[in-house]
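*Asks:* I have a structure I would like to understand better, so I am pasting it below and will then ask my questions one at a time.
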Amino acid sequence: MIFLDKFFSKFFMKPSSGAELSFDKVSDHLPDSLIIIDRRGTVTSVNLACCKLLGYSREEILGQSASMFFVKHRNDPFCTVGAPTQKDDERFLGRILDELVLSGYVNDLEVVFLTKDCRRIPMNFNGVVLRDGQGEITGVLGLARDMRQIKQNIRKLDLLKTISLLSLENISVEKVLGRVGELVKDFLSVQRVTFYISEGDTLKSAYASDMTSGITLENGKGIAGYVARTGKPYRTNDAPTDPNFCPDVDAATGYKTGRILAVPVIEASKLFGVVEAINKNTDFTDEDTTDFEEIVNLAKFVVFDKIKEVKLARSEEKYRELVESISDVIYSVDASGVITYASSAVKSLLGCSPSDVVGEHYTKMLHPDDAASVSAAFADCFNGKQYPLECRVKSADGNYRWVRTLGKIYHVDGNPAGIRATLSDITDRKTAEDDLKKRVTYEKMLADISAAAVVSENIGEFLDGALALICSTLGVCRGYIFAHNADTDTMDNTHEWCAPGIMPQKDTMQAVPAAAMPQWIGKLKKKQVIRFGDNDKFSSESAKSILCVKETKSALVFPIFVHSEYFGFIGFDECVNIRQWQPCDVDMLGTATRIISWAYERARMEKDRARLYLQMLQSAKMASVGELAAGLAHEIGNPLQTILGNAELLLTEGKREENEAIRNAALHAKKIIEDLMDFSRQREMKFVSADINAELEKVLSLYGKQLELSGIKVEKRFGKLPKVVFSSSHMAQVFLNIVMNARKAMPSGGTLVISTTAHPSNTPENIKVTFKDNGIGVEPAALKKIFDPFFTTKKKGVGLGLSISYGIVKQHGGEITANSEGPGKGAELGGGGGGGGEYYD
C-alpha cells in the first residue's frame with residue numbers, strides 16, 4: 001500500500017500537466033483495474049482495464065458514485081435479507097472508506113464489481129488513502145484483480161480431482177456417468193448432460209440427466225451426429241436455427257433446446273461416443289469447450305477403468321482379448337514385485353515390447369522420486385487397500401512419462417499371488433495441469449513487476465529486482481540486459497542475475513562489438529525473438545565466444561525498444577540442461593520485456609522532467625537578475641566615481657588616504673558584482689550550516705537600491721537565531737522573489753517589514769521568517785492560487801517566482817504561506833521550520 005501512495009504522489013502531486021499524461025499512460029498499461037474515489041465516494045479516475053471490465057466508457061464512469069459499480073458479495077453479513085440493495089452497496093462502500101481513514105489501507109478484500117450488463121464479477125481489492133500536501137485525506141486509490149479465472153481454475157481442479165476419485169468407489173459404469181453428468185451440470189451451469197455411446201451407425205444415450213427414456217440418433221443426425229462424423233467439438237448458441245440441429249428429440253420429449261456444446265470421446269483413434277451439455281444460462285465460449293474436453297477426457301479414463309474392472313472378472317481368454325485391444329497397458333506383477341505380464345500397448349506407451357519388461361522388477365522402471373510411494377501402494381494393495389496412483393515411468397528413449405495405475409490382488413489356490421493392474425498415459429493431462437499452474441504463477445509475477453515499475457524511483461534498482469524475480473520464477477540459470485551504444489556500436493552488460501553456482505559474466509561483457517553478432521543484432525532490430533535449445537544453433541564462432549555458449553545449453557533473447565527505438569536486449573540462459581521453451585514461457589517473457597521497456601521510457605521522461613525543472617528555475621533566476629540591473633547601476637556607480645576622482649588626484653599627489661579610498665571603493669564594487677554572479681549561477685542544492693539573517697542582508701544589499709528608488713522603507717526586525725542547514729543560493733532566490741513581489745505590490749512606496757524569530761528553545765526547527773508589506777493586497781480568489789505555476793495578476797508577469805519559491809521551500813521540508821485581508825490592506829508571506837535541524841522557510 002505504501003507503493004500505491006508513492007505512485008499517486010509521483011503522478012498527481014506535480015505542477016505540470018505532463019505528469020497527468022504520464023499517469024494515464026502508466027495506469028492504462030496495468031492489467032488490473034485501477035480506480036480513484038474522492039471522499040464523497042465519487043469516481044474521479046479509472047484506467048482502461050477497469051472500463052473494459054465494467055463495460056462502460058471512461059466518460060460514463062467518471063463522476064458517478066462508486067457504489068454504482070462497487071458492491072459487496074452476497075454473503076456479506078451487513079447486507080439485507082435477499083439480494084444486496086443499493087443501500088447495502090452504499091453502506092459497504094462507507095465501511096471500506098471508514099476502515100481506510102482509520103488504518104490508511106485495506107488488503108485482499110473480497111468485493112464484487114457490477115458491470116453495465118448487470119454481471120457480478122468477484123474481485124480482490126487493495127486500497128490506500130490519498131492525502132494532499134497538508135496531510136488531509138482527499139480520496140482512495142485502489143487496485144482490483146479479476147478473480148473469475150482463478151476461481152474457475154480452482155473449481156476445475158477440484159472437479160477433476162472428484163472425477164478421478166470415482167474410480168475408487170465400488171459403483172457401476174452407469175452410476176459413474178450419472179455422477180459425472182451432475183458434476184458437469186453444476187460446473188458449466190447447464191440444464192442437461194447426455195452421454196451417447198457409438199453403436200454402428202447409431203448413437204444411443206447411456207445417460208441423460210432429468211430423462212428416464214433413452215435417446216437414439218440414427219444415421220448421424222443432430223449435433224451429436226455431426227460431432228461423431230467430424231470427430232471435433234461443436235457448439236451452437238442458437239440450436240433451432242443451426243443446420244446440424246435435429247428437432248426430433250425435442251418433439252418427442254417436449255424439451256426445448258437452446259444452446260448445445262458437444263465433444264467426441266475418442267479412444268485409440270476410434271469413436272467411443274459423444275457427450276453433450278445443453279442449455280447453459282449464457283452463451284458457450286471457447287473456454288467452456290476447452291474445459292468440457294478436459295473433463296470428458298478424464299471421465300473417459302474413469303469409465304474405462306470401471307469397464308476394465310468388469311472385464312477382469314471374465315475368463316482369462318476374454319481378458320487377454322480385451323487387454324490387447326485397448327490403448328492402456330494391462331500388466332501383472334507377482335508377490336515379489338516382478339512383472340509377469342504386459343499387454344502389447346506397452347509398445348505405444350513406452351516404446352518397448354512386452355518381452356523387454358517381463359521378468360524385471362517394477363521399481364527399475366520408476367522415477368527415483370516415485371519409488372517410495374509406489375512401493376507403499378504395492379504393499380497396501382496386498383493388505384486389501386486399493387487406490388489409484390500417479391507416477392512416472394521410464395520409456396525406451398530415457399524420458400519419463402506420467403501414468404495412472406490402478407490394480408487388484410489376484411489369488412491362486414486361494415492364496416494372494418500378485419496384482420493385476422492398468423497403466424494409463426496421463427502425460428498430456430499432467431502437462432496441461434503444470435502449464436495452468438505455471439501461467440497462474442507467471443501472471444502473479446507480471447503483476448508484481450508491473451506494480452514495481454509504477455512506483456519505483458530508481459530504474460537500476462527496479463531492473464535488478466525485476467530480473468531476479470523473472471529468473472527465479474522462470475527457473476533459469478542466468479538473466480542479463482545489454483544496452484546498445486549507438487556512438488561506438490558496442491554493447492554493455494548493464495544488469496545480470498545468476499543462480500547459485502553460475503559464474504557471473506557481467507564484468508567481461510563490456511564494450512562488446514555489435515559487429516561480432518550481425519545476425520543476432522539484425523533480428524533483434526526487426527523485433528524478432530531469438531531462441532535456441534543447443535550450442536549448434538549459433539551461426540558464428542565469435543557469437544559462441546562472446547556469449548559464453550560453452551556454458552549455455554539453451555537461451556531466449558528479446559529485443560528492448562524504448563520510444564520505438566532499438567535500445568538493447570534482455571536474455572535468459574539455461575546452463576545445466578537443454579530446455580525446450582514452452583509457449584507460456586515466451587508469452588510471459590515477452591510481456592515482462594514490454595514492462596521493462598516502459599520502465600526505461602518512464603525513467604527517461606523523469607530525467608527530462610527534472611532537467612526542464614532546472615531550466616525553469618534558472619530562467620526565473622535570470623529574470624531576477626534583470627530586475628537587479630537598475631539598482632546595481634546606482635550601487636556600482638558611487639564607488640566607481642570615488643575610484644575615478646581619487647585616481648585623478650593621485651596623478652598629481654601621492655597620498656595614502658586617497659589610495660585607501662580607491663581600494664575600499666573597488667572592493668565594494670567587486671563585492672556587489674561577486675554577489676550578483678553567485679546568485680545568477682545555476683547550481684544544485686548544497687546544504688551547509690549558515691546564518692539566515694546574514695543571507696537576508698546579502699539579498700538586501702543586492703536589491704536595496706531598487707527598494708530605495710521605489711520609495712520603499714525596509715524595517716529589519718531580526719531576532720537572535722541559531723545557525724541552520726540550508727542551500728544558500730536557492731534560499732537567496734526565495735527571499736529575492738518575495739522582496740521583488742513586495743516592491744511591485746507597493747508602486748507608490750511603502751514599508752516592508754522583514755522579521756526573523758526563533759522559539760524560546762532556540763532550536764533550528766522552530767525558526768520563522770516573515771515578509772509583510774502595506775501594499776495593494778491580494779484578492780481572496782487569487783490568494784488561493786498564488787503558489788500555482790504560471791499564475792500571475794501582473795500584465796507582464798510570468799507567474800513562476802512564488803511557484804518556484806514554494807518548490808524550494810518544500811524541498812527543504814518546510815512550509816510557506818500567504819495571507820492578505822483583501823485589496824488595499826497589504827500582504828504577508830512567511831513560513832516556519834519542520835525538523836531535523838534543517839532550515840525551512
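The values are calculated or read from the model by the stated rules, or taken from the named source; none is laboratory data. The model shown is predicted, which means the values in this text are computed figures rather than measured ones. Counting neighbours? That spans all protein chains shown, and the Cβs are built from the backbone with ideal geometry, glycine included. Just so you know, the surface numbers come from the protein's heavy atoms only, side chains and all, with ligands and any DNA or RNA stripped out. Shrake-Rupley method; radii C 1.70, N 1.55, O 1.52, S 1.80 Å.
*Asks:* If you check 92, 70, 78, which single one turns out to be farther than 30 Å from residue 442 by Cβ, open to solvent by less than 10 Å² (accessible area, probe 1.4 Å) and modelled with pLDDT under 80? Lay out the reasoning, then the answer.
*Replies:* Details: 70 fails: farther than 30 Å from residue 442 by Cβ; 78 fails: open to solvent by less than 10 Å² (accessible area, probe 1.4 Å).
One residue alone meets the criteria, 92.
*Asks:* In region 738-753, how many residues are outside any helix (DSSP H, G or I) and either hydroxyl-bearing (Ser, Thr, Tyr) or open to solvent by 50 Å² or more (accessible area, probe 1.4 Å) (or both)? Steps first, answer last, please.
*Replies:* Residues of region 738-753 that are outside any helix (DSSP H, G or I), as a first pass: 745-753.
Okay, now just the ones that are also either hydroxyl-bearing (Ser, Thr, Tyr) or open to solvent by 50 Å² or more (accessible area, probe 1.4 Å) (or both), so 747-748, 751.
Qualifying residue count, region 738-753: 3.
*Asks:* Can you name the number of the only condition in (1) of a type in the set (Ser, Thr, Tyr); (2) surrounded by fewer than 18 Cβ atoms within 10 Å (Cβ to Cβ); (3) more than 20 Å from residue 551 (Cα to Cα) that residue 473 fails?
*Replies:* Of (1) of a type in the set (Ser, Thr, Tyr); (2) surrounded by fewer than 18 Cβ atoms within 10 Å (Cβ to Cβ); (3) more than 20 Å from residue 551 (Cα to Cα), only one is false for residue 473: (2).
*Asks:* Of all residues in region 214-255, which are in contact with a strand residue (DSSP E or B) (Cβ under 6 Å, 6 or more places away or on another chain), under 19 Å from residue 280 (Cβ atoms) and hydrophobic (A, V, I, L, M, F, W, C)?
*Replies:* Selection gives 223, 224, 227, 239.
*Asks:* Same structure again: So which residues in region 135-162 are of a type outside the set (D, E, K, R) and assigned to a helix (DSSP H, G or I)?
*Replies:* Start the filter on region 135-162 by keeping residues that are of a type outside the set (D, E, K, R), which leaves 135, 137-144, 147, 149-150, 152-154, 157, 159-160, 162.
Within region 135-162, 149, 150, 152, 153, 154, 157, 159, 160, 162 qualify.
*Asks:* Still on this model: Could you tell me which residue of region 793-815 is modelled with the lowest pLDDT, considering only residues that are surrounded by 20 or more Cβ atoms within 10 Å (Cβ to Cβ) and among the β-branched types (Val, Ile, Thr)?
*Replies:* For region 793-815, the residue satisfying everything is 804.
*Asks:* When the residues of region 304-331 are narrowed to those that are open to solvent by less than 70 Å² (accessible area, probe 1.4 Å) and more than 53 Å from the chain's Cα centre (by Cα), which ends up modelled with the lowest pLDDT? Break it down stepwise before answering.
*Replies:* So in region 304-331, the residues open to solvent by less than 70 Å² (accessible area, probe 1.4 Å) come out as 304-309, 311-312, 315, 319, 322-323, 326-331.
If we keep only those that are more than 53 Å from the chain's Cα centre (by Cα) too, we end up with 311-312, 315, 319, 322.
On the way: 311: 59, 312: 59, 315: 52, 319: 56, 322: 60.
Once the filter is applied, the top-ranked residue is 315.
*Asks:* Give me a count of the residues in region 345-378 that are surrounded by fewer than 15 Cβ atoms within 10 Å (Cβ to Cβ) and either assigned to a loop (DSSP other than H, G, I, E, B) or not assigned by the TED database to the domain that holds residue 396 (or both).
*Replies:* Summing the residues that are surrounded by fewer than 15 Cβ atoms within 10 Å (Cβ to Cβ) and either assigned to a loop (DSSP other than H, G, I, E, B) or not assigned by the TED database to the domain that holds residue 396 (or both) in region 345-378 gives 5.
*Asks:* Moving to a separate point now. For the condition among the basic types (Lys, Arg), open to solvent by 70 Å² or more (accessible area, probe 1.4 Å) and in contact with a Phe, Trp or Tyr (Cβ under 9 Å, 6 or more places away or on another chain), what is the one hit in 300, 270, 256, 204? Even if it seems obvious, please write down each step before you answer.
*Replies:* Numbers: 300 fails: open to solvent by 70 Å² or more (accessible area, probe 1.4 Å); 270 fails: in contact with a Phe, Trp or Tyr (Cβ under 9 Å, 6 or more places away or on another chain); 256 fails: in contact with a Phe, Trp or Tyr (Cβ under 9 Å, 6 or more places away or on another chain).
The conditions single out 204.
*Asks:* Related question: Out of region 708-737, which residues are in a helix (DSSP H, G or I), more than 45 Å from the chain's Cα centre (by Cα) and surrounded by 21 or more Cβ atoms within 10 Å (Cβ to Cβ)? Can you show your working first?
*Replies:* Kept after step one, since they are in a helix (DSSP H, G or I), are these residues of region 708-737: 708-709, 728-737.
The next check asks that each one be more than 45 Å from the chain's Cα centre (by Cα); those that pass are 708-709, 736.
Across region 708-737, the qualifying residue is only 736.
*Asks:* Right, here's the next one. Which ones in region 178-189 are small (Gly, Ala, Ser) and open to solvent by less than 40 Å² (accessible area, probe 1.4 Å)? Spell out how you get there, then give the answer.
*Replies:* So in region 178-189, the residues small (Gly, Ala, Ser) come out as 178, 181, 189.
Scanning region 178-189 gives 178, 181.
*Asks:* Pick out the one residue from 790, 771 that is of a type in the set (Phe, Trp, Tyr) and either open to solvent by less than 40 Å² (accessible area, probe 1.4 Å) or modelled with pLDDT of 85 or more (or both). Break it down stepwise before answering.
*Replies:* Details: 790 fails: either open to solvent by less than 40 Å² (accessible area, probe 1.4 Å) or modelled with pLDDT of 85 or more (or both).
Every option except 771 fails the conditions.
*Asks:* Among the residues of region 611-622, is there at least one that is open to solvent by less than 70 Å² (accessible area, probe 1.4 Å), among the polar types (S, T, N, Q), assigned to a helix (DSSP H, G or I) and modelled with pLDDT of 65 or more?
*Replies:* The answer is no, given that none of the residues of region 611-622 is open to solvent by less than 70 Å² (accessible area, probe 1.4 Å), among the polar types (S, T, N, Q), assigned to a helix (DSSP H, G or I) and modelled with pLDDT of 65 or more.
*Asks:* Continuing with the same structure: Looking only at region 816-828, decide whether some residue is in contact with a strand residue (DSSP E or B) (Cβ under 7 Å, 6 or more places away or on another chain), closer than 25 Å to residue 686 by Cβ, at pLDDT 80 or above and surrounded by 14 or more Cβ atoms within 10 Å (Cβ to Cβ).
*Replies:* Within region 816-828 (the criterion being in contact with a strand residue (DSSP E or B) (Cβ under 7 Å, 6 or more places away or on another chain), closer than 25 Å to residue 686 by Cβ, at pLDDT 80 or above and surrounded by 14 or more Cβ atoms within 10 Å (Cβ to Cβ)), the answer is yes, since at least one residue qualifies.
*Asks:* Of the numbered conditions (1) surrounded by fewer than 16 Cβ atoms within 10 Å (Cβ to Cβ); (2) not in a strand (DSSP E or B), residue 693 fails exactly one; give the number of that condition.
*Replies:* Looking at each condition in turn, residue 693 falls short on (1).
*Asks:* Another question, then. Can you tell me how many residues within region 167-177 are among the hydroxyl-bearing types (Ser, Thr, Tyr) and either open to solvent by less than 40 Å² (accessible area, probe 1.4 Å) or in contact with a helix residue (DSSP H, G or I) (Cβ under 6 Å, 6 or more places away or on another chain) (or both)?
*Replies:* Applying the first criterion (among the hydroxyl-bearing types (Ser, Thr, Tyr)) to region 167-177 yields 167, 172.
Imposing the further condition that a residue be either open to solvent by less than 40 Å² (accessible area, probe 1.4 Å) or in contact with a helix residue (DSSP H, G or I) (Cβ under 6 Å, 6 or more places away or on another chain) (or both) reduces the set to 167.
Qualifying residue count for the region: 1.
*Asks:* Right, something else. Within region 204-224, does at least one residue satisfy the condition of being closer than 21 Å to residue 297 by Cα, modelled with pLDDT of 85 or more and not assigned by the TED database to the domain that holds residue 52? Quick ask: steps written out before the conclusion?
*Replies:* Of the residues in region 204-224, the ones closer than 21 Å to residue 297 by Cα are 204-209, 223-224.
Applying the additional criterion that residues be modelled with pLDDT of 85 or more yields 223-224.
Those left that are additionally not assigned by the TED database to the domain that holds residue 52: 223-224.
Looking for residues that are closer than 21 Å to residue 297 by Cα, modelled with pLDDT of 85 or more and not assigned by the TED database to the domain that holds residue 52, one finds at least one in region 204-224, hence yes.
Every residue, every condition in (1) at pLDDT 90 or above; (2) surrounded by 15 or more Cβ atoms within 10 Å (Cβ to Cβ); (3) touching a Ser or Thr at 6+ places or on another chain (Cβ under 6 Å); (4) more than 27 Å from residue 485 (Cα to Cα), yes or no:
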position: 558; (1), (2), (3), (4): yes, yes, yes, no
position: 569; (1), (2), (3), (4): yes, yes, no, no
position: 573; (1), (2), (3), (4): no, yes, yes, no
position: 588; (1), (2), (3), (4): no, yes, no, yes
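*Asks:* OK, next. Collect the residues in region 545-556 that are open to solvent by less than 60 Å² (accessible area, probe 1.4 Å) and either aliphatic (A, V, I, L, M) or at pLDDT below 55 (or both), keeping them in residue-number order. Full working, then the answer.
*Replies:* Keep residues of region 545-556 that are open to solvent by less than 60 Å² (accessible area, probe 1.4 Å), which gives 546-549, 552, 554-556.
Those that are open to solvent by less than 60 Å² (accessible area, probe 1.4 Å) and either aliphatic (A, V, I, L, M) or at pLDDT below 55 (or both): 546, 547, 548, 549, 555, 556.
*Asks:* In addition: Kindly establish whether residue 107 is among the polar types (S, T, N, Q), modelled with pLDDT of 80 or more, within 22 Å of residue 151 (Cα to Cα) and touching a Lys or Arg at 6+ places or on another chain (Cβ under 7 Å). I'd like the intermediate steps shown before the answer.
*Replies:* Working: among the polar types (S, T, N, Q): yes; modelled with pLDDT of 80 or more: yes; within 22 Å of residue 151 (Cα to Cα): yes; touching a Lys or Arg at 6+ places or on another chain (Cβ under 7 Å): no.
Judged against the criteria, residue 107 is not a match.
Let's see how each residue does on (1) in contact with a Lys or Arg (Cβ under 7 Å, 6 or more places away or on another chain); (2) open to solvent by less than 10 Å² (accessible area, probe 1.4 Å); (3) more than 29 Å from residue 435 (Cβ to Cβ):
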{"position": "121", "(1), (2), (3)": "yes, yes, no"}
{"position": "127", "(1), (2), (3)": "no, yes, yes"}
{"position": "130", "(1), (2), (3)": "no, yes, yes"}
{"position": "139", "(1), (2), (3)": "yes, yes, yes"}
{"position": "165", "(1), (2), (3)": "no, no, no"}
{"position": "191", "(1), (2), (3)": "no, no, yes"}
{"position": "194", "(1), (2), (3)": "no, yes, yes"}
{"position": "198", "(1), (2), (3)": "no, no, yes"}
